[in-house]
Amino acid sequence: MKHYFIAVTIFCAIITRISCCDVVKLTFPSGFRIGTASASYQVEGAWNVSDKGENVWDHWTHNHPELITDGRNGDVACNSYYKYKEDVALIKNIGFDYYRFSISWSRVLPTGFANVISEDGLQYYKNLTAELVANGIEPVVTIYHWDHPQVIENMGGWTNELIVDWFVAYARILFEALGDSVKRWITINEPDTFCEAGYEGTTKAPGKVISGIGKYLCGHNVLKAHAKTYRMYDEEFRESQQGEVSIVLALASYVATNSSDTESVETAFQFNCGWMAHPLYFGDYPEVMKTRVALVSEYQGYPRSRLPEFSDEWIAIINGTNDYFGVNHYSTNLVYPDPAEELGVYRIDSGVIRTIDFSWPATASNWFYVYPPGFGVLLRWIRDEYNNPPVWITENGYSDSGQLDDYERISYYYDYIKEMLIALKRDGCNVEAYTVWSILDNFEWHAGYTERFGITHVEFDDADTNRTAKLSQNWWMKVLSKRKLQSVPTNTAAAARTLLPWQK
Ligand code: GBH
């Protein structure tokens, strides 16, 4: 009898495994799109060529090199302004379906405003787009990836509501100039990231520390700018151009330290994903954000909540302005309730402490630990929360210090994409596309060139900024030709790799 049970148990275990892999097979469904991405300030260089205006990242890196890990900047970066044909050839050779790149606002509008359009600036993006199309690669365009004109920042940047109209005028010029070829637009990249790090911290430009206020005010204006741009596209371009418009959010995943604590997980998701997505899908901020921020604001003595309110008119404008759900995902946080609240002390708006499990593998970025199951958790949460919208993974990738034999990067891709395929095939999540961040090593914001996300190595110390394939680039080439995940090459040296400072 005992043997019988053991046999049955083993049999069931094998069947479960097979059926899991059978469902998933690790192939990409037909029609699934795979692309790669970059952002203007991180790759273009040519910071003062022609009539280009100064942007906040030019200003920030030139004035505060001490706040960049290696003191460097994006003046040259990958030289993609001059090497875009080489970039496109590379993307084509690897076999990607699309290329997500961003446009530098002050390159197109040197004064920051729509009164002067730089012919050279606009021509560069026309050339890049044409080169992609000629090579059968779909252009996916981010209108804004953190580098707004300094002149606009001088007037408060994303904390000044006037930016809404300035942004719409800028976007209109891009729809007009590129919209015949570009059918997939992203208005704004990761408001959650730059609103917090740029208006309540000094790890992103403009590095203004407006504690408790800056982030929400910035996010409020971002939602308005996004929604007005979406409505403008509806009114002036959608019929003739037939494109899609969305925003991209930086979404961590969350798991509770104590597995029965579903509330902390839910609150953490709402404060991250819900902050921007709830208004886009339901018109207003999540209930838990409104009540919690009001509560903590009152505790801190503010006469009103630090989270701004939308008028009914704005709710109607914002509600329903995401044609697809753009997700940048890298890592997971562990969450638990802030114990200080039991003593009546309110320190955190969400009331939830976010941390990491230090047993998870580290990367070269101090915020980034590897936890593949988190990706599935996030995708299922989006499915359930927003009625299974079409999802584009607009960024996913891994950071190291730049070695060509990047075995860990390959296993990161393998493990994360496997979770995505399970969420898609087994759990019915409506994921339509996946984007590799990044095609090239590039200027990694406050980390300078010390953290590398590329599947292609770039020699930044050499004026030629030569590109060299990493192992992961070859792996991607195979994945793309077979449309199926490929096994991870083994690396015996990886086990012996040296500990990073924060692992010691
Ligand atoms: C993306 O940002 C950017 O879009 C891209 O430009 C960049 O190169 C890439 O990823 C790699 O960084 O609360 O301490 O856990 C993702 C940036 C950084 C956003 C970490 C969320 C959470 C910090 N993410 N951040 S923490």
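The values are calculated or read from the model by the stated rules, or taken from the named source; none is laboratory data. Since the model is a prediction, treat every value here as computed from it, not as a measurement. All Cβ positions, glycine included, derive from the backbone under ideal geometry; neighbour counts span all protein chains shown.
Among all residue pairs at least 6 apart or on different chains, which show Cβ distances below 6 Å where the first residue, located in the stretch 168-190, is of a type in the set (S, T, N, Q) and the second is in a loop (DSSP other than H, G, I, E, B) and within 16 Å of the ligand (Cβ to nearest atom)?
189/145
Does residue 119 satisfy being on the phi < 0 side of the Ramachandran plot, among the acidic types (Asp, Glu) and without any contact (Cβ under 8 Å) to a residue 40 or more places away in the chain?
Here the answer is yes, as residue 119 does meet what is asked.
Restricting to the stretch 113-146, count the residues that are within 16 Å of the ligand (Cβ to nearest atom) and of a type in the set (Gly, Ala, Ser). First the steps, then the outcome.
We begin by selecting, within the stretch 113-146, every residue within 16 Å of the ligand (Cβ to nearest atom); these are 140-146.
Cutting the leftovers down to of a type in the set (Gly, Ala, Ser) gives us none.
Residues in the stretch 113-146 being within 16 Å of the ligand (Cβ to nearest atom) and of a type in the set (Gly, Ala, Ser): 0 in total.
Just checking, does the stretch 70-91 include any residue being within 21 Å of the chain's Cα centre (by Cα), hydroxyl-bearing (Ser, Thr, Tyr) and assigned to a helix (DSSP H, G or I)? Outline the logic, then answer.
Of the stretch 70-91, the ones within 21 Å of the chain's Cα centre (by Cα) are 73-74, 77-78, 80, 87, 91.
Then drop every residue that is not hydroxyl-bearing (Ser, Thr, Tyr), which leaves 80.
When the remaining residues are screened for being assigned to a helix (DSSP H, G or I), the result is 80.
Yes, that holds for at least one residue.
For residue 376, state whether it is within 16 Å of the ligand (Cβ to nearest atom) and farther than 30 Å from residue 294 by Cβ.
Answer is no for this residue.
Across the stretch 306-322, what is the number of residues that are within 17 Å of the chain's Cα centre (by Cα) and among the hydroxyl-bearing types (Ser, Thr, Tyr)?
Total meeting the criteria: 0.
State whether one or more residues within the stretch 357-364 are outside any loop (DSSP other than H, G, I, E, B) and at pLDDT 95 or above.
Looking through the stretch 357-364, at least one residue is outside any loop (DSSP other than H, G, I, E, B) and at pLDDT 95 or above.
Can we say residue 381 is out of contact with any strand residue (DSSP E or B) (no Cβ under 6 Å at 6 or more places or on another chain), away from the ligand (no atom under 16 Å from the Cβ) and among the aromatic types (Phe, Trp, Tyr)?
Yes: the conditions hold for residue 381.
Taking the conditions exactly as written (in a loop (DSSP other than H, G, I, E, B), away from the ligand (no atom under 16 Å from the Cβ) and within 26 Å of the chain's Cα centre (by Cα)), does residue 303 satisfy them or not?
no
Looking at the stretch 450-473 only, could you name the residues that are assigned to a loop (DSSP other than H, G, I, E, B), of a type outside the set (Lys, Arg) and either away from the ligand (no atom under 16 Å from the Cβ) or within 23 Å of residue 394 (Cβ to Cβ) (or both)?
451, 453, 454, 455, 459, 461, 462, 463, 464, 465, 466
Results for (1) away from the ligand (no atom under 12 Å from the Cβ); (2) farther than 30 Å from residue 347 by Cβ; (3) outside any helix (DSSP H, G or I), shown as yes or no for each residue.
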{"residue": "174", "(1), (2), (3)": "yes, yes, no"}
{"residue": "177", "(1), (2), (3)": "yes, yes, no"}
{"residue": "181", "(1), (2), (3)": "yes, yes, yes"}
{"residue": "186", "(1), (2), (3)": "no, yes, yes"}
{"residue": "206", "(1), (2), (3)": "yes, no, yes"}
{"residue": "211", "(1), (2), (3)": "yes, no, yes"}
{"residue": "217", "(1), (2), (3)": "yes, no, no"}
{"residue": "221", "(1), (2), (3)": "yes, no, no"}
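Kindly indicate which of 428, 448 is among the small types (Gly, Ala, Ser), within 20 Å of the chain's Cα centre (by Cα) and either more than 30 Å from residue 44 (Cα to Cα) or modelled with pLDDT of 95 or more (or both).
448
Only residues that are within 23 Å of residue 333 (Cα to Cα) and either crowded, with 21+ Cβ neighbours inside 10 Å or in contact with a Leu (Cβ under 8 Å, 6 or more places away or on another chain) (or both): list them for the stretch 279-302, please.
Of everything in the stretch 279-302, those that are within 23 Å of residue 333 (Cα to Cα) and either crowded, with 21+ Cβ neighbours inside 10 Å or in contact with a Leu (Cβ under 8 Å, 6 or more places away or on another chain) (or both) turn out to be 285, 286, 289, 290, 292, 293, 296.
Report, by residue number, each residue of the stretch 109-131 that is in contact with a Ser or Thr (Cβ under 8 Å, 6 or more places away or on another chain) and assigned to a helix (DSSP H, G or I).
120, 121, 129, 130 - these are the residues of the stretch 109-131 that are in contact with a Ser or Thr (Cβ under 8 Å, 6 or more places away or on another chain) and assigned to a helix (DSSP H, G or I).
Any residue at all in the stretch 312-322 that's without any contact (Cβ under 8 Å) to a residue 24 or more places away in the chain, of a type outside the set (A, V, I, L, M, F, W, C), within 30 Å of residue 141 (Cβ to Cβ) and more than 16 Å from the ligand (Cβ to nearest atom)?
Taking every residue of the stretch 312-322 in turn, at least one turns out to be without any contact (Cβ under 8 Å) to a residue 24 or more places away in the chain, of a type outside the set (A, V, I, L, M, F, W, C), within 30 Å of residue 141 (Cβ to Cβ) and more than 16 Å from the ligand (Cβ to nearest atom).
Of everything in the stretch 337-348, what is away from the ligand (no atom under 16 Å from the Cβ) and either in contact (Cβ under 8 Å) with a residue 24 or more places away in the chain or part of a strand (DSSP E or B) (or both)? Give them in sequence order. Before the answer, list the steps.
Initially, the stretch 337-348 is screened for residues away from the ligand (no atom under 16 Å from the Cβ), giving 337, 339-346.
Across the stretch 337-348, the qualifying residues are 337, 346.
For every residue, the table says whether it meets (1) in contact with a His (Cβ under 6 Å, 6 or more places away or on another chain); (2) buried (at least 20 other Cβ atoms within 10 Å of the Cβ); (3) among the β-branched types (Val, Ile, Thr).
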position: 366; (1), (2), (3): no, no, no
position: 371; (1), (2), (3): no, yes, no
position: 376; (1), (2), (3): no, yes, no
position: 386; (1), (2), (3): no, no, no
position: 390; (1), (2), (3): no, no, no
position: 393; (1), (2), (3): no, yes, yes
position: 397; (1), (2), (3): no, yes, no
position: 405; (1), (2), (3): no, no, no
position: 410; (1), (2), (3): no, yes, yes
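For the stretch 63-93, enumerate the residues that are surrounded by fewer than 21 Cβ atoms within 10 Å (Cβ to Cβ), touching a residue at least 60 places away in the same chain (Cβ under 8 Å) and closer than 16 Å to residue 455 by Cα.
86, 90, 93
Considering only the stretch 34-46, I want to know if a residue exists there that is at pLDDT 95 or above, within 16 Å of residue 147 (Cβ to Cβ) and surrounded by fewer than 23 Cβ atoms within 10 Å (Cβ to Cβ).
Yes, the conditions are met somewhere in the stretch 34-46.
Out of the residues in the stretch 323-336 that are part of a strand (DSSP E or B) and under 18 Å from the mean Cα position of the chain (by Cα), state the one that is farthest from the ligand (Cβ to nearest atom).
Out of the qualifying residues, it is 325.
Every residue in the stretch 223-267 that is out of contact with any strand residue (DSSP E or B) (no Cβ under 8 Å at 6 or more places or on another chain), part of a loop (DSSP other than H, G, I, E, B) and either surrounded by 21 or more Cβ atoms within 10 Å (Cβ to Cβ) or in contact (Cβ under 8 Å) with a residue 12 or more places away in the chain (or both), please.
237, 242 - these are the residues of the stretch 223-267 that are out of contact with any strand residue (DSSP E or B) (no Cβ under 8 Å at 6 or more places or on another chain), part of a loop (DSSP other than H, G, I, E, B) and either surrounded by 21 or more Cβ atoms within 10 Å (Cβ to Cβ) or in contact (Cβ under 8 Å) with a residue 12 or more places away in the chain (or both).
Report the residue count in the stretch 389-430 for those that are outside any loop (DSSP other than H, G, I, E, B) and either in contact (Cβ under 8 Å) with a residue 60 or more places away in the chain or within 16 Å of the ligand (Cβ to nearest atom) (or both).
Step one: filter the stretch 389-430 for residues outside any loop (DSSP other than H, G, I, E, B), giving 391-396, 400, 407-425.
Right, trim to either in contact (Cβ under 8 Å) with a residue 60 or more places away in the chain or within 16 Å of the ligand (Cβ to nearest atom) (or both) and you get 391-396, 400, 407-414, 416-418, 421-422, 424-425.
Total meeting the criteria: 22.
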